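Contents: one structure, followed by commentary.
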Amino acid sequence: TRRSQGYAEVKRFARLLSSAISQAVRKSRPVRSLPWEVSSRMLQLRPRRPSSIAKAQLELSLARAELKSAQDHGSLRQLTTRVEAAREMLHRARKGIRVPPCEIQTIRLGEFRLLAVPLELAAVTGRRLLRKYDMVVCYANGYAGYLVPDGGDYEGMMSSIDPAELGRFERLVR
């Protein structure tokens, strides 16, 4: 469990991980040759359609006004996120949105199957993929952004990828 944010916590996690790896290596035995396969595909995901500049400016103004009236820590945090998302929406309306190409890799070693994607996936998507893969690694081969269903949460507001692309992605990796 994460105890704090910062370099000391990253170092603590690194020590925990290296200890677990060391234990696994000490307990390991040689493995007979297993069949293996690696495949890689490029996927270009469509960007989310940006709002008009006027709509984005209005959303930012409304979010800032609501933020001024926040009463408690929870609503302050939620409204701060809304202001951040509105700023990002305005930036995208002015500059446009570009989603980099995604390299999707699958690796099979014996019965073990791994999927590597340059995306941050919604938890529900990750759980569905774990029905077919033993491990799903995000942030692999770059970073293209959040791939989540459309929603009012932080990830949904900040995603530059069209939410309709989630279905296409899931069909491709099945």
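The values are calculated or read from the model by the stated rules, or taken from the named source; none is laboratory data. All values derive from a computational prediction rather than experimental measurement. Quick reminder, even Gly has a Cβ in these numbers, built from the backbone with ideal geometry, and neighbours come from all protein chains shown. Calculation scope for accessible area: heavy atoms of the full protein, side chains included, ligands and nucleic acids excluded. Shrake-Rupley method; radii C 1.70, N 1.55, O 1.52, S 1.80 Å.
Residues being more than 26 Å from the chain's Cα centre (by Cα) and either over 30 Å from V173 (Cβ atoms) or open to solvent by 100 Å² or more (accessible area, probe 1.4 Å) (or both): count how many of those fall in segment 1-45.
Of the residues in that region, 12 qualify.
So that you can scan it fast, the table gives a plain yes or no per residue for (1) charged (D, E, K, R); (2) assigned to a loop (DSSP other than H, G, I, E, B); (3) touching a residue at least 24 places away in the same chain (Cβ under 8 Å); (4) surrounded by 15 or more Cβ atoms within 10 Å (Cβ to Cβ):
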{"position": "L79", "(1), (2), (3), (4)": "no, no, no, yes"}
{"position": "A93", "(1), (2), (3), (4)": "no, no, yes, yes"}
{"position": "R113", "(1), (2), (3), (4)": "yes, no, no, yes"}
{"position": "V136", "(1), (2), (3), (4)": "no, no, no, yes"}
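Taking into account only those residues within segment 138-174 that are among the acidic types (D, E) and open to solvent by 70 Å² or more (accessible area, probe 1.4 Å), which is modelled with the lowest pLDDT?
Selected residue: D153.
Restrict the check to segment 53-61 and report whether at least one residue is assigned to a helix (DSSP H, G or I), basic (K, R) and open to solvent by 90 Å² or more (accessible area, probe 1.4 Å).
Taking every residue of segment 53-61 in turn, at least one turns out to be assigned to a helix (DSSP H, G or I), basic (K, R) and open to solvent by 90 Å² or more (accessible area, probe 1.4 Å).
Which residue out of R48, R64 is within 30 Å of A144 (Cβ to Cβ) and either open to solvent by less than 80 Å² (accessible area, probe 1.4 Å) or touching a Ser or Thr at 6+ places or on another chain (Cβ under 8 Å) (or both)?
Step by step, each of R48, R64 is checked, and only R48 is within 30 Å of A144 (Cβ to Cβ) and either open to solvent by less than 80 Å² (accessible area, probe 1.4 Å) or touching a Ser or Thr at 6+ places or on another chain (Cβ under 8 Å) (or both).
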